[in-house]
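The values are calculated or read from the model by the stated rules, or taken from the named source; none is laboratory data. Since the model is a prediction, treat every value here as computed from it, not as a measurement. Positions of Cβ are backbone-derived with ideal geometry, glycine not excepted, and every protein chain shown enters the neighbour counts.
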Amino acid sequence: MNKTLRKNRAPQHGIAAQPISEEVLLEKYSKGDERTIDDVNLRVARALAQKEAPEQRASWESKFREAMQQGFLPAGRIQSAAGTDLAATLINCFVQPVGDSIAQMEDGYPGIYTALTEAAETMRRGGGVGYDFSRIRPRGAWVGSTQSSASGPISYMRVFDRSCETVESAGARRGAQMGVLRCDHPDIEEFIHAKDAGNLTNFNISVGVTDAFMEAVQDDTEVELVHRAEPGAAQKAAGAYSQVQADGSAQWVYRKLRARDLWDQIMRSTYDHAEPGVLFLDQINRDNNLSYCETIASTNPCAEQPLPPYGCCCLGSIDLTRFVADPFEDSAHFDAPAFARVARVAVRMLDNVLDVTVWPLPQQQQEARNKRRVGLGFTGLGDALIMLGLRYDTEEARAMAQHISEVMRDAAYDASIELARERGAFPLFNADLYLNASTFASRLPQALKDRIRAHGLRNSHLLSIAPTGTISLAFADNASNGIEPAFSWSYTRKKRMADGSIKEYSVEDHAWRLYRHLKGEDAPLTPAFVTALELSAQAHEAMVAVVAPFIDTSISKTVNVPADYPYADFQNLYMQAWQSGLKGLATYRPNSVLGAVLSTSSSPPAAPLQIDGANRRLALERLPAPVLSSLRWPGRPEVPPGNMAWTFMVHHPFGDFALFVGELAPEDGGTPQPFEVWVNGAEQPRGLGALAKTLSMDLRANDPAWLQLKLDALATVAEERSFEMPFPPHGEKRLFPGVVAATAAVIRWRCEQLKALPLLGRGGPTPVLDAMFSRDEPHTGPSGTLAWAVDVDNPATGEAFTLTLKEVTLPGPDGSTVTRPCAVGFSGNYPRALDGLARLLSLDMRVIDPAWIGMKLRKLLNYAEPLGNFMAFVPGLPHGERRQQTWPSTVAYLARLIIHRYAMLGVLNEEGFPLRDMGVLDSPQDRDAPVVLAGRLCPECSNHTMIQKDGCDFCTACGFVGQCG
């Protein structure tokens with residue numbers, strides 16, 4: 001339908017809506033002729049008003065619409081499906097019970113495959129699902145009905161994972177799942193490491209931790225791993241025994257573990273992989289308003305709603321930025337009365353959702369009718385604090401957040417009391433039990449408790465702070481998410497269009513954008529402007545600690561810590577969270593994993609260059625079209641459990657050495673991929689280790705054609721003498737022109753076995769090749785060209801030779817020209833293996849963005865060789881200053897000299913970083929913390945840069961926002 005777009009406005013102060021906000025609105029939430037936020041608001045208000053008495057529907061429709069215009073944001077399922085003909089649920093998430101039987105109901109819990117079917121139906125209707133798999137008997141336990149051994153809960157989690165993948169393919173919304181296992185389950189160690197090898201990609205996982213376990217960690221005592229299922233014969237022989245519990249039932253102790261050892265496994269995995277999360281089960285149940293009639297063992301996928309079997313989370317958030325008057329001024333203040341008014345209407349709207357929604361399962365509908373849980377929360381806290389002039393990590397900011405939470409709590413409970421007077425209390429309401437001394441409700445103000453006792457309560461639970469994801473982007477001008485501070489002030493969202501092209505959108509934080517609008521583009525930011533990654537972990541946790549006492553369910557919060565955050569302090573974060581009475585904690589620490597380069601369509605390679613004329617440099621008149629918006633260079637993956645490596649002994653005329661190819665299984669399973677090469681042995685040729693080091697970075701580029709080009713370049717490196725060498729797989733002798741060529745051939749053979757090189761007859765993305773300004777070395781005419789040369793003398797190794805850089809003139813971004821090295825060579829007495837390194841670096845020099853060669857050279861600055869260190873003059877010192885220093889090897893000194901030449905040409909600085917971002921590679925703003933962070937595969941840009949941000953999947957390379965909750 002080709003309609004004229006009616007312009008949205010940003011929520012306040014007359015700023016035009018961001019194009020990305022309009023795009024997301026139209027793509028995800030608008031239906032039919034809807035083109036604006038108000039169109040969507042009207043549909044949702046009308047749909048929810050259908051619950052009202054016929055004579056009052058028009059009045060409530062108007063009030064509901066006004067509440068949304070003033071800042072209430074119903075959750076995504078409501079915005080997308082309310083008032084449509086879609087057979088989709090308006091409920092975001094559920095908890096699905098799972099029993100120990102295959103298909104039979106047992107103690108009120110459905111069999112495993114019955115639960116699988118019910119979960120599939122729930123996800124098909126658009127709901128995410130959480131599970132507690134602790135009832136499933138451990139691996140190796142006895143199965144009497146079949147006289148066999150059990151396969152354990154993790155094996156069945158894989159079945160649920162595949163089912164989620166299949167259901168996902170039937171719709172646009174990716175299935176979201178949370179898997180929980182108790183800390184005392186005998187398979188807990190397998191569970192902790194279940195995702196290490198790239199399995200369970202459709203699950204978030206969390207360990208359900210008890211107070212008894214945490215006390216054992218504190219006291220350094222043992223814990224029992226237990227289950228009611230009988231162990232197998234081997235487990236009994238290993239010491240498993242039965243014990244009688246206080247209620248008279250039998251329980252088997254499979255084994256005992258030192259609590260701190262198990263805790264360390266949980267923490268190490270979380271530190272390295274951001275999973276598993278931790279749920280403090282006793283605190284969850286102690287605080288639960290309905291502890292008298294339910295036990296909670298799991299949460300929804302983002303953990304803001306601990307739920308009983310078949311429980312649901314009916315969510316909505318209020319945008320706090322709408323209630324800041326006089327933003328950024330000394331008179332700035334929060335309009336609490338207006339906020340409370342919207343909160344009261346929002347509670348009624350969420351209560352209505354429970355009656356107008358489609359329910360995937362009748363059990364879910366009955367559970368909701370009995371308890372009528374809703375989850376009202378807020379979003380935009382980080383931005384609101386900035387607008388109030390309060391820095392997120394200060395006591396004043398926490399006091400304001402606490403005040404806002406208290407106002408919301410009191411307004412929500414007051415509104416639910418009024419609904420109970422009008423419509424009746426939830427069926428399982430019991431005033432004496434509900435207001436019991438340990439529950440959240442027992443801490444309500446006395447006036448509210450008195451009214452609850454007198455009139456009842458419509459909803460058992462009312463509050464939850466959830467991630468808002470694309471809801472914030474579409475309806476709130478990208479206000480900060482939930483309780484979180486802003487992740488960044490702006491980023492570029494690269495979106496793949498229907499025709500395969502890439503469209504770029506600028507995505508700006510609401511508070512930052514509003515400040516620029518009100519104060520001017522050049523106005524310095526106030527001290528209140530602080531992003532999530534600039535805050536300490538303690539500051540993140542402290543904010544949760546002051547808000548949590550006013551939220552009756554839970555809060556979705558990610559504590560961001562830097563990559564170098566000490567492990568001991570990281571462990572202490574979780575201990576502090578338990579001691580503070582929090583219900584759980586999630587953290588994110590950037591870490592190096594096997595990365596990838598963005599894949600886009602190919603463009604024709606630049607042709608070899610020819611030049612005539614005397615005493616001038618090569619010149620290139622036209623650069624290749626930019627094909628990459630971002631190109632990330634990963635470091636070596638951190639693999640705490642270790643990784644496999646393939647080994648081959650190279651036999652050459654001067655001795656033998658070992659060649660290793662390190663391999664790592666992709667996160668989503670499949671064939672291991674090579675990610676590094678190194679050599680070992682006293683008889684390896686000098687310089688070969690440096691060649692392996694730089695080739696390792698090419699293995700991690702994830703461009704098979706680029707890797708093949710590098711190996712092709714090494715195949716013809718001739719040295720002093722050729723030799724024959726046994727070659728895999730059967731040891732036939734092959735003739736090679738030198739050790740470099742032989743080494744490259746062996747690496748090529750192994751890469752072919754692992755399918756890491758281009759397949760014959762099949763194309764594929766070649767992002768690094770596409771970013772070259774010349775694939776072949778530029779050629780001169782007979783008159784030659786200018787070059788830069790420097791002499792190198794290492795008396796420790798007897799090496800004396802000349803380093804030469806051939807240079808080319810390229811068009812600059814502003815119409816000027818820039819001189820760049822395009823090839824490197826050596827002449828004189830030097831290790832011939834350096835010819836291989838020169839060929840690799842020459843190709844790197846011809847990647848259009850100098851950030852690429854800068855990264856390669858910086859990696860070589862610390863390359864050391866035995867007995868290879870020597871004294872030499874430091875390049876790049878101020879005029880007239882001369883100073884020598886010790887260099888760890890000839891290679892390290894060569895890298896420093898080449899960086900210096902780039903600095904002389906105004907391309908890199910003396911540290912090897914680009915002076916100007918070209919937009920081909922993302923150059924880190926903070927040299928220690930790249931903007932692009934490693935993570936899972938992004939479905940939008942195919943880069944391994946999908947992280948969990950503010951409870952949502954977020955791609956740090958292209959800005960894609962995926963599943964939330």
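Descriptive notes on the structure:
- Test: residue 311 is closer than 30 Å to residue 488 by Cβ and not aromatic (Phe, Trp, Tyr): no
- The listed residues are 477, 450, and the only one of them that is acidic (Asp, Glu) and within 24 Å of residue 293 (Cβ to Cβ) turns out to be 450.
- Residue match in the stretch 103-114 (condition: of a type in the set (Val, Ile, Thr), in contact (Cβ under 8 Å) with a residue 24 or more places away in the chain and touching a helix residue (DSSP H, G or I) at 6+ places or on another chain (Cβ under 9 Å)): yes
- Residue in the stretch 84-97 that is within 28 Å of the chain's Cα centre (by Cα) and of a type in the set (D, E, K, R) present: no
- On the stretch given as the stretch 123-169, residues that are over 24 Å from the mean Cα position of the chain (by Cα), under 24 Å from residue 313 (Cα atoms) and in contact (Cβ under 8 Å) with a residue 40 or more places away in the chain total 4.
- Criterion: part of a helix (DSSP H, G or I) and not assigned by TED's automatic domain parsing to the domain that holds residue 822 - qualifying residue of 701, 741, 756: 741
- Close pairs from the stretch 490-501: first without any contact (Cβ under 8 Å) to a residue 24 or more places away in the chain, partner surrounded by fewer than 16 Cβ atoms within 10 Å (Cβ to Cβ) and of a type in the set (S, T, N, Q), Cβ under 9 Å, at least 6 apart: 490/506; 501/601
- Listed here are the strands (runs of 3 or more DSSP E) enclosed by the stretch 852-965 that have at least 1 residues being within 30 Å of residue 490 (Cβ to Cβ) and modelled with pLDDT under 75: 944-949, 952-955, 961-964.
- Those helices (runs of 4 or more DSSP H) of the stretch 297-405 in which 1 or more residues are under 30 Å from residue 537 (Cβ atoms) and more than 30 Å from the chain's Cα centre (by Cα) occupy 336-356.
- Filter pass, residue 301 being closer than 18 Å to residue 96 by Cα and modelled with pLDDT under 95: yes
- Only listed residue being under 30 Å from the mean Cα position of the chain (by Cα) and not aliphatic (A, V, I, L, M), chosen from 232, 248, 239, 175: 175
- Single residue of the stretch 696-720 satisfying the filter (buried (at least 20 other Cβ atoms within 10 Å of the Cβ) and under 18 Å from residue 831 (Cα atoms)) that is modelled with the lowest pLDDT: 719
- Within the stretch 386-398, residues that are in the same structural domain as residue 329 (by TED's automatic domain parsing) sit with their Cβ atoms under 7 Å from residues that are acidic (Asp, Glu), at 6+ positions apart or across chains, in these pairs: 390/396.
- Some residue of the stretch 848-864 being of a type outside the set (D, E, K, R), surrounded by fewer than 22 Cβ atoms within 10 Å (Cβ to Cβ) and without any contact (Cβ under 8 Å) to a residue 24 or more places away in the chain: no
- In the stretch 121-173, the residues that are of a type in the set (Val, Ile, Thr), over 20 Å from residue 241 (Cα atoms) and modelled with pLDDT of 90 or more: 122, 129, 154, 159
- When restricted to residues that are modelled with pLDDT of 95 or more and in a strand (DSSP E or B), the stretch 180-204 contains 3.
- The requirement of being of a type in the set (Val, Ile, Thr), surrounded by fewer than 20 Cβ atoms within 10 Å (Cβ to Cβ), over 30 Å from residue 80 (Cβ atoms) and assigned by TED's automatic domain parsing to the domain that holds residue 206 is satisfied by residue 244.
- Residue within the stretch 827-835 that is over 38 Å from the mean Cα position of the chain (by Cα) and among the hydroxyl-bearing types (Ser, Thr, Tyr) present: yes
- Selected residue [outside the structural domain of residue 346 (by TED's automatic domain parsing), under 27 Å from residue 272 (Cα atoms) and not in a helix (DSSP H, G or I)] from 563, 542, 523: 563
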